[in-house]
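Step one of this worksheet: look at the structure below.
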Amino acid sequence: MTDSSPAYSVLSLGKLRMRDAWRIEMLHGQSRHRLYWITRGQGRVTVNCITRGFGPNTAVFVPAGVQMALELPSQMQGLELCLPQDGALELPETPFHLRITNIEAQASLTSHLERIERERAARAPAMARAMAGYGLLISAWMERELTRAEGAILRERTHRLAEQFGAMMEQRFRSGRGVADYAEALAVTPTHLSRICKEAAGRPAHALLTERIMHEARRLLRDTDMPAREVAEQLGFSSAAYFTRAFQQATGRTPSDFRAPPLRA
């Protein structure tokens, strides 16, 4: 997946909410690392097919290429930080979900994010070096809080299978393979895989796989000029007609209707 966005960016969750809801609330992957800092409200986040609730003062880190979906209820406030795939930052390789109870740590993260936001707005000379410095500060903050781990939200051991399914799905969802193929690769039955996914994410494996495929279908239809038949091929559908039926069942609209820009009043 290509991403033409700036390497570093900070966006309020209020502004993120103004985008099409499906872009963030449906399972998807990203080419940059994401750190979500929730300062107010409650919601749920799904990472690698494990859904967890969160409240104020929660930090959620999702590495690039890891599947996720984030609820954005109207009362929720906070910030999204995007970071580049830069090995020099030494960012965590796995997602984390932390309640930050230490007041100094809360203030430190907020300060780092605000400085990145101001640096982006100012566009002063040597901005790239300044951003890299702030990226290192964020990385150090993460390492310290993971070491402290006072508010770590741990996964259930039984949900490890759902996590493996999510990681595999992100790599293979364009292949046209069904849940039975994933279950075989994971050495379990489709029934067992779906049961664990429902426990971990509230939805069976088939629903999660369909959601990921349909997010990508929406993205390709809205963000590219790729014909619907090529979108169908990209996502492993056996025919354009089958893709159209599946898309209409999932969204209530045909691919051509979805692609058309919304009418303005």
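Residue-level analysis places Glu230 among those that are in a helix (DSSP H, G or I) and more than 17 Å from His28 (Cβ to Cβ).
Looking at the range 199-212, is at least one residue in contact with a Pro (Cβ under 9 Å, 6 or more places away or on another chain), free of Cβ contacts under 8 Å to residues at least 24 places away in the same chain and outside the structural domain of Glu71 (by TED's automatic domain parsing)? Can you show your working first?
So in the range 199-212, the residues in contact with a Pro (Cβ under 9 Å, 6 or more places away or on another chain) come out as 205-206.
Among the residues that remain, those that are also free of Cβ contacts under 8 Å to residues at least 24 places away in the same chain are: none.
Looking through the range 199-212, none of the residues is in contact with a Pro (Cβ under 9 Å, 6 or more places away or on another chain), free of Cβ contacts under 8 Å to residues at least 24 places away in the same chain and outside the structural domain of Glu71 (by TED's automatic domain parsing).
Anything in the range 198-218 that is of a type in the set (Asp, Glu) and either part of a loop (DSSP other than H, G, I, E, B) or closer than 25 Å to Val231 by Cα (or both)? List them, or say none. Before you say what the answer is, go through the steps one by one.
To start, the set of residues in the range 198-218 that are of a type in the set (Asp, Glu) comprises 199, 211, 216.
Passing the criteria: Glu211, Glu216.
Residue check: Ala7 meets all listed conditions (1) in contact with a Pro (Cβ under 9 Å, 6 or more places away or on another chain); (2) surrounded by fewer than 20 Cβ atoms within 10 Å (Cβ to Cβ); (3) at pLDDT 95 or above but one, namely (3).
Tell me whether the range 123-136 contains one or more residues that are within 21 Å of the chain's Cα centre (by Cα) and either of a type in the set (Gly, Ala, Ser) or surrounded by 15 or more Cβ atoms within 10 Å (Cβ to Cβ) (or both). Yes, there is a match, as at least one residue in the range 123-136 is within 21 Å of the chain's Cα centre (by Cα) and either of a type in the set (Gly, Ala, Ser) or surrounded by 15 or more Cβ atoms within 10 Å (Cβ to Cβ) (or both).
The set of residues in the range 55-75 being crowded, with 17+ Cβ neighbours inside 10 Å, part of a loop (DSSP other than H, G, I, E, B) and in contact (Cβ under 8 Å) with a residue 40 or more places away in the chain consists of Asn57, Val66, Gln67, Glu71, Leu72.
Quick one: in the range 201-230, of everything that is β-branched (Val, Ile, Thr) and out of contact with any Phe, Trp or Tyr (no Cβ under 7 Å at 6 or more places or on another chain), which residue is surrounded by the fewest Cβ atoms within 10 Å (Cβ to Cβ)? The residue in question is Thr224.
Set side by side, the residues Ala250, Ala162, Ala240 differ, and just one is on the phi < 0 side of the Ramachandran plot, surrounded by 17 or more Cβ atoms within 10 Å (Cβ to Cβ) and touching a helix residue (DSSP H, G or I) at 6+ places or on another chain (Cβ under 6 Å), which is Ala162.
Of everything in the range 238-251, what is more than 16 Å from Arg219 (Cα to Cα) and touching a residue at least 24 places away in the same chain (Cβ under 8 Å)? Give them in sequence order.
Ser238
Looking at the range 140-159, can you tell me whether even one residue there is touching a Cys at 6+ places or on another chain (Cβ under 9 Å) and either modelled with pLDDT of 95 or more or more than 19 Å from Ala64 (Cα to Cα) (or both)?
As a first pass, look at the range 140-159 and keep what is touching a Cys at 6+ places or on another chain (Cβ under 9 Å): 159.
Applying the additional criterion that residues be either modelled with pLDDT of 95 or more or more than 19 Å from Ala64 (Cα to Cα) (or both) yields 159.
Checked against the condition, which is being touching a Cys at 6+ places or on another chain (Cβ under 9 Å) and either modelled with pLDDT of 95 or more or more than 19 Å from Ala64 (Cα to Cα) (or both), the range 140-159 yields at least one hit.
Of all residue pairs spaced 6 or more apart or on separate chains, those with beta-carbon atoms under 6 Å, a first member in the range 16-32 that is outside the structural domain of Leu208 (by TED's automatic domain parsing) and a second member that is polar (S, T, N, Q) are Leu27/Gln67; Gly29/Gln67. Residue count for the range 1-54 satisfying the condition of being farther than 15 Å from Leu98 by Cα and part of a loop (DSSP other than H, G, I, E, B): 21.
The values are calculated or read from the model by the stated rules, or taken from the named source; none is laboratory data. None of the values given here were measured: they were computed from a predicted structure. No Cβ is skipped: glycine too gets one built from the backbone with ideal geometry, and neighbour counts run over all protein chains shown.
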